[in-house]
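Report on the structure given below.
A short reminder: the numbers here are calculations on the coordinates, not readings from a lab. Predicted model, so just to flag it, every value in this text is computed and none were measured. Glycine also receives a Cβ, built like all others from the backbone with ideal geometry; neighbour counts cover every protein chain displayed.
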């Protein structure tokens, strides 16, 4: 892996193509672990109860934390999503995808999405964890 391509997507050649995510990522460098981010702003205030708005804000929060490590969305190798309503996620998948691409671009790391009974903050509809790897120079 070169600095220009510090990570490699892992996908068995005989598997159906993954769309919008990777099945695995091989990366080398310094790891950044971002705790679960929810859809509130820097003042820990929810500006909306809208699911897609909260997804967008949670992703913006991840990018802000990565910036503290001089990293960006391109360094993300794994995202874990926790949603309180799988049906809302699926029904609004196109809007979620648009919000995702607006914040993270066309970068699709290994991802997991799980429906949960609830999150610590009652108003939260989504929580997203991220792992990033900054290439060694």
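A few notes on this one:
- Two-decimal Rg/Rh across region 50-101, once Rg and the Kirkwood Rh are taken from alpha-carbon atoms: 1.00
- Modelled FRET efficiency - R0 41 Å, residue 13 with residue 86, Cβ distances, 0.05 increments: 0.85
- Packing, taken as the mean count of other beta carbons within 10 Å per residue, orders the peptides 13-21, 78-86, 105-113 from highest to lowest as 78-86, 105-113, 13-21.
- Highest to lowest packing among 87-95, 115-123, scored as the average C-beta count within 10 Å: 87-95, 115-123
- The chain - share of DSSP beta bridges that are antiparallel (%, nearest 5): 75
- The modelled label-to-label distance between residue 136 and residue 44, using points 7 Å beyond Cα along the C-beta direction, is 3.8 nm.
- Most mobile listed residue (65, 38, 76) in the chain, GNM with C-alpha springs under 10 Å: 65
- A Förster radius of 22 Å, combined with the Cβ-Cβ distance separating residue 122 from residue 93, puts the computed FRET efficiency at roughly 0.35.
- Calculated mean residue ellipticity at 222 nm for the chain: -8000 deg cm²/dmol, from DSSP H runs with n ≥ 4 weighted as -39500 (n - 2.57), summed, divided by the residue count and rounded to 500.
- Computed from the Cβ-Cβ distance with R0 of 30 Å, the FRET efficiency linking residue 74 to residue 112 stands at 0.90.
- Pair-distance distribution P(r) for region 21-69, from all Cα-Cα distances in 5 Å bins starting at 0: 5, 19, 22, 20, 17, 9, 7, 2 percent.
- Sequence-distant contacts, meaning Cα pairs under 8 Å at least 6 residues apart, place the relative contact order of region 32-134 at 46 percent.
- Cα-based shape type of the chain, given that a ≥ b ≥ c are square roots of the gyration tensor eigenvalues and the cut on a/c is 1.5: oblate
- Cα-based helix-to-principal-axis angle, 93-104 vs the chain, degrees rounded to 10: 60
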